[in-house]
Amino acid sequence: MSDKPILPGPDGVEPILLKDALEERYLAYALSTIMHRALPDVRDGLKPVHRRILYAMRELKLNPEAGYKKCAKIVGEVMGNYHPHGDQAIYDALVRLAQNFAVRYPLVDGQGNFGNVDGDNAAAMRYTESRLTAVAQALLDGIDEDTVEFRPTYDGTMDEPVVLPAAFPNLLANGSSGIAVGMATNIPPHNVDELCQGLLHLIKHPNATIEKLVEMIPGPDFPTGGVLVEPRDQIIEAYRTGRGGFRLRARWEKEEGARGSYQIVVTEIPYQVQKAKLIERIAELLTEKKLPLLGDVRDESAEEIRLVLEPKSRTVDPTLLMESLFRMTELELRFGLNMNVLSGGQIPNVLNLRDVLRQWLEHRVDVLVRRSEFRLKKIEHRLEVLDGYLIAYLNIDEVIRIVRFEDDPKAKLIAKFKLTDVQAEAILNLRLRSLSRLEEIEIKSEHDKLSKERRELQDLLKSDELQWERISEEVKAVRETYSQKTELGRRRTTFADAPEIDIDLDVALIEKEAVTIVLSQKGWIRAMKGHVDDLKRLDFKQGDKLKFAIKAFTTDKLLALATNGRVFTLEASLLPGGRGHGEPLRLMIDLEENADIAELFVYEPGRKLLIASTGGYGFIVPEDEVIASTRKGKQILNVSGADEATVCVPVAGDYVATIGENRKMLVFGLDEVNEMTRGKGVILQRFKDGGLSDARVFRKGEGLTWLDAAGRTYTLSWSELKEWVGVRAQSGKVAPKGFPRSNKFGPAF
């Protein structure tokens, strides 16, 4: 960037660096998004658009007991007076507040088509009508009693509340989600009965632990139900940090059919999952044959969700079928927790469960104090007026005379009876017909009643204990209204442990078929259906021939040892079919140009392998340790110079036989070989010329076996092998008569 000063432009235009302009404007945009759009206020759990909708509906007198009004009128009122944004954005927010499958405790009572769980949109705003619910009324309760701050609207012609009084713990009860600039929030809904129980405990024990609060608030309660399978310790940790997640599953049951058949019926699906898209996804997986345990899926839903899943056969285990569906579809999802909220409407921060509850309680105390002060002012004003009325009653004739004949009756009344301006004004505003009912007893009775209330309010404002006692009463009232005994308040999401499945689900999700894996000398691989015995009939490209032919199943994993010591993992189900010549193996794995495949075999869990290089070095490695999760494979045997990895055989015995390119053979105890997970290994056999050609692990009692040149099996007993028995790292002796000229024992797997 040039260091030259920026000169003033013509006509008073002030130049500015693009960098500075972007920084300033983007910061303003980011702050606006965070503060006024994406993050909810911890006190009422609302974003500005929701708060403005509720306030506008209240101003339209759309209380729960009132009639409905067109949503178009409500949206117009919100947009014109409070929220200068698009009408569709406002309507979408209003619709969501009315959807009982999206909001745990709806704030809007809608009439008409407000969408459904299939993902269908609501009707246009000119067709739908709405009004507030009792929950929304609780959020607005006391807003006319100076309980919250107001600020000018965007055009300065009206005022709007900064926050609602919120006599309902809305943030956790209904949850919230939003994406701001550089931060986001995601809070699941909870059960109000449980929240109130936790709030009451927190009032008594301000330093309550998260573990204790989770005993009362065990987890989210989603409007669509479902089963929560997240471990308790993970739930506690999520609530402690304010970040985490919850595994939520669909609720299902098994329905018995005729002749031992059955079907699975899903009655509740996870939160925010669209049923139509879920069924479409399951159907796609069926078509792609990725759900071999499932036979068919159909939707029999009416008012209640009823999703029917038919197994492929009656022998399919229902639990295994559902576990496969949970893994592959949105019948199970992980709902994230990120309690990033605005504290005091100003500070975005991530709070834990205790802090969220505490800040709501502190807000309720602030509302209580402001409301009490407002009521106290009203009472003091009324008492002042009543004192004036009492004076007027006792001196009614004189008061009438002053009013009738004096030029300035107000000043005369003040001077005569020592009244205040308020009292004199109240007496002058009395109607004549009120005088007949203006009795001393009634005035004194109201005066005593208000005096008592004033003393109570003064005591309340002076005592923290009385304030918390009043808050407790309010919370108990909310708990009673929305208790779990009521239809709206009952817990919908239940808790369960995910079943222990012994079967490998990855295997269960693949249709098990016999295949023959064929790898050619030039590296072309294919999977032919069935177990092919006649290998002479295999067709290859010109100049190519067979290298490995392995009988396996589509559920198997294949391990390939490369000459550079790396082991690669292949899925038999993902290999190209047997038509044609297959595909180059190098397209599936990252194999170096100067490396080749030395051994290919089927993975067997729990087995151990003897792996060795042409230099005569090797070690024992557990087969589970060589599994690679990426195309790059896993480096197991370290080789250097001209050495290459050449041997990989199963460890099934107690002795090792090695044979060199110089045809010298050595037999020694398996216990002399180290077990490692990676390295060069120890010297197995020394060679003056050439290197290691092959190795075999065998049992002493069974003897050493190999295939001769004619393909016949030949075995040497232990007594016949004594000539070659020694210790590791010797050079060995010339192989016995009849040993193959290839210096190989034959196939090891």
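The values are calculated or read from the model by the stated rules, or taken from the named source; none is laboratory data. The structure presented is a predicted model; accordingly, all values stated were derived computationally and were not measured. Note that each Cβ is placed from the backbone with ideal geometry, even for glycine, and that neighbours are counted across all protein chains shown.
With THR658, THR569, THR630, THR614 as the choices, which residue is among the hydroxyl-bearing types (Ser, Thr, Tyr) and either within 19 Å of ARG526 (Cβ to Cβ) or not assigned by TED's automatic domain parsing to the domain that holds ARG699 (or both)? Spell out how you get there, then give the answer.
Details: THR658 fails: either within 19 Å of ARG526 (Cβ to Cβ) or not assigned by TED's automatic domain parsing to the domain that holds ARG699 (or both); THR630 fails: either within 19 Å of ARG526 (Cβ to Cβ) or not assigned by TED's automatic domain parsing to the domain that holds ARG699 (or both); THR614 fails: either within 19 Å of ARG526 (Cβ to Cβ) or not assigned by TED's automatic domain parsing to the domain that holds ARG699 (or both).
One residue alone meets the criteria, THR569.
Testing GLY119 on (1) in contact with a helix residue (DSSP H, G or I) (Cβ under 6 Å, 6 or more places away or on another chain); (2) crowded, with 18+ Cβ neighbours inside 10 Å; (3) closer than 30 Å to THR267 by Cα, one condition comes back false. Which one is that?
(2)
Can we say LEU413 is under 23 Å from ASP141 (Cβ atoms), without any contact (Cβ under 8 Å) to a residue 24 or more places away in the chain and touching a Leu at 6+ places or on another chain (Cβ under 9 Å)?
no
Identify, from the list ILE589, ILE550, the residue that is closer than 16 Å to GLN521 by Cβ and among the hydrophobic types (A, V, I, L, M, F, W, C). Working first, answer last.
Values: ILE589 fails: closer than 16 Å to GLN521 by Cβ.
Just a single option satisfies the conditions, and that option is ILE550.
Show me the strands (runs of 3 or more DSSP E) found entirely inside the stretch 256-347 where at least 3 residues are buried (at least 19 other Cβ atoms within 10 Å of the Cβ).
Working: elements: 262-268, 294-299, 307-311, 332-338, 340-343.
Because the criterion is at least 3 residues that are buried (at least 19 other Cβ atoms within 10 Å of the Cβ), the strands (runs of 3 or more DSSP E) in the stretch 256-347 that meet it are 262-268, 307-311, 332-338, 340-343.
Go through the stretch 645-674 and count every residue that is surrounded by fewer than 22 Cβ atoms within 10 Å (Cβ to Cβ), among the hydrophobic types (A, V, I, L, M, F, W, C) and over 47 Å from the mean Cα position of the chain (by Cα).
3
Filtering the stretch 702-728 down to residues that are at pLDDT 90 or above and assigned to a loop (DSSP other than H, G, I, E, B), which residue is nearest to THR646 (Cα to Cα)?
Going through the qualifying residues, I end up with ARG728.
What is the one condition in (1) more than 21 Å from ASN116 (Cα to Cα); (2) over 20 Å from the mean Cα position of the chain (by Cα) that SER301 does not satisfy?
(1)
Looking for something closer than 15 Å to ARG479 by Cβ, assigned to a helix (DSSP H, G or I) and not β-branched (Val, Ile, Thr) - is there at least one such residue anywhere in the stretch 218-241? Write out each step before concluding.
Filtering the stretch 218-241 down to residues closer than 15 Å to ARG479 by Cβ leaves 221.
After this cut, where a residue has to be assigned to a helix (DSSP H, G or I) as well, the list is none.
Looking through the stretch 218-241, none of the residues is closer than 15 Å to ARG479 by Cβ, assigned to a helix (DSSP H, G or I) and not β-branched (Val, Ile, Thr).
Quick check, is ASP366 part of a helix (DSSP H, G or I) and either in the same structural domain as VAL162 (by TED's automatic domain parsing) or at pLDDT below 90 (or both)?
Values: part of a helix (DSSP H, G or I): yes; either in the same structural domain as VAL162 (by TED's automatic domain parsing) or at pLDDT below 90 (or both): no.
Against the criterion (part of a helix (DSSP H, G or I) and either in the same structural domain as VAL162 (by TED's automatic domain parsing) or at pLDDT below 90 (or both)), ASP366 does not qualify.
Restricting the stretch 463-501 to residues that are among the small types (Gly, Ala, Ser) and surrounded by 14 or more Cβ atoms within 10 Å (Cβ to Cβ), which is farthest from LYS204 (Cα to Cα)? I'd like the intermediate steps shown before the answer.
Pass one, the stretch 463-501, residues among the small types (Gly, Ala, Ser): 463, 472, 477, 483, 489, 496, 498.
Remaining after also requiring surrounded by 14 or more Cβ atoms within 10 Å (Cβ to Cβ): 472, 483, 489, 498.
On the way: SER472: 9, SER483: 21, GLY489: 24, ALA498: 36 Å.
So, considering only residues that are among the small types (Gly, Ala, Ser) and surrounded by 14 or more Cβ atoms within 10 Å (Cβ to Cβ), the one farthest from LYS204 (Cα to Cα) is ALA498.
Given the stretch 569-627, what strands (runs of 3 or more DSSP E) lie entirely inside it while holding 2 or more residues that are modelled with pLDDT under 90 and touching a helix residue (DSSP H, G or I) at 6+ places or on another chain (Cβ under 7 Å)? Quick ask: steps written out before the conclusion?
Numbers: elements: 597-602, 608-613, 617-622.
Here the list is empty.
Taking the options PRO165, PRO152, name whichever one is in contact with a helix residue (DSSP H, G or I) (Cβ under 6 Å, 6 or more places away or on another chain), farther than 18 Å from PRO223 by Cα and either buried (at least 22 other Cβ atoms within 10 Å of the Cβ) or without any contact (Cβ under 8 Å) to a residue 12 or more places away in the chain (or both).
Working: PRO152 fails: in contact with a helix residue (DSSP H, G or I) (Cβ under 6 Å, 6 or more places away or on another chain).
Going through PRO165, PRO152 in turn, just one is in contact with a helix residue (DSSP H, G or I) (Cβ under 6 Å, 6 or more places away or on another chain), farther than 18 Å from PRO223 by Cα and either buried (at least 22 other Cβ atoms within 10 Å of the Cβ) or without any contact (Cβ under 8 Å) to a residue 12 or more places away in the chain (or both): PRO165.
State the number of residues belonging to the stretch 533-560 that are touching a Leu at 6+ places or on another chain (Cβ under 8 Å) and modelled with pLDDT of 85 or more.
Filtering the stretch 533-560 for residues touching a Leu at 6+ places or on another chain (Cβ under 8 Å) gives 535, 538, 540, 546-550, 552, 557-560.
Imposing the further condition that a residue be modelled with pLDDT of 85 or more reduces the set to 540, 546-550, 552, 557-560.
So the count comes out to 11.
Among the residues of the stretch 171-182, is there at least one that is more than 24 Å from ASP221 (Cβ to Cβ) and either without any contact (Cβ under 8 Å) to a residue 40 or more places away in the chain or surrounded by 16 or more Cβ atoms within 10 Å (Cβ to Cβ) (or both)?
There is at least one residue in the stretch 171-182 that is more than 24 Å from ASP221 (Cβ to Cβ) and either without any contact (Cβ under 8 Å) to a residue 40 or more places away in the chain or surrounded by 16 or more Cβ atoms within 10 Å (Cβ to Cβ) (or both).
With (1) more than 25 Å from GLU255 (Cβ to Cβ); (2) in the same structural domain as GLU255 (by TED's automatic domain parsing); (3) in contact with a helix residue (DSSP H, G or I) (Cβ under 8 Å, 6 or more places away or on another chain) as the list, and ASN352 as the residue in question, which single condition is left unmet?
Exception for ASN352: condition (2).
Can you pull out every residue in the stretch 61-93 that is within 16 Å of ALA134 (Cα to Cα) and surrounded by 16 or more Cβ atoms within 10 Å (Cβ to Cβ)?
Initially, the stretch 61-93 is screened for residues within 16 Å of ALA134 (Cα to Cα), giving 61-68.
Of everything in the stretch 61-93, those that are within 16 Å of ALA134 (Cα to Cα) and surrounded by 16 or more Cβ atoms within 10 Å (Cβ to Cβ) turn out to be LEU62, ASN63.
State the number of residues belonging to the stretch 121-136 that are in contact (Cβ under 8 Å) with a residue 24 or more places away in the chain and either assigned by TED's automatic domain parsing to the domain that holds ILE269 or under 31 Å from the mean Cα position of the chain (by Cα) (or both).
6
Specify which of the listed residues (LEU213, LEU248) is aliphatic (A, V, I, L, M) and out of contact with any His (no Cβ under 9 Å at 6 or more places or on another chain).
Numbers: LEU213 fails: out of contact with any His (no Cβ under 9 Å at 6 or more places or on another chain).
Answer to the check: LEU248.
Going by what's in this entry, would THR555 be described as under 35 Å from the mean Cα position of the chain (by Cα), surrounded by 13 or more Cβ atoms within 10 Å (Cβ to Cβ) and within 30 Å of PRO231 (Cβ to Cβ)? Steps first, answer last, please.
Working: under 35 Å from the mean Cα position of the chain (by Cα): yes; surrounded by 13 or more Cβ atoms within 10 Å (Cβ to Cβ): yes; within 30 Å of PRO231 (Cβ to Cβ): yes.
It is true that THR555 is under 35 Å from the mean Cα position of the chain (by Cα), surrounded by 13 or more Cβ atoms within 10 Å (Cβ to Cβ) and within 30 Å of PRO231 (Cβ to Cβ).
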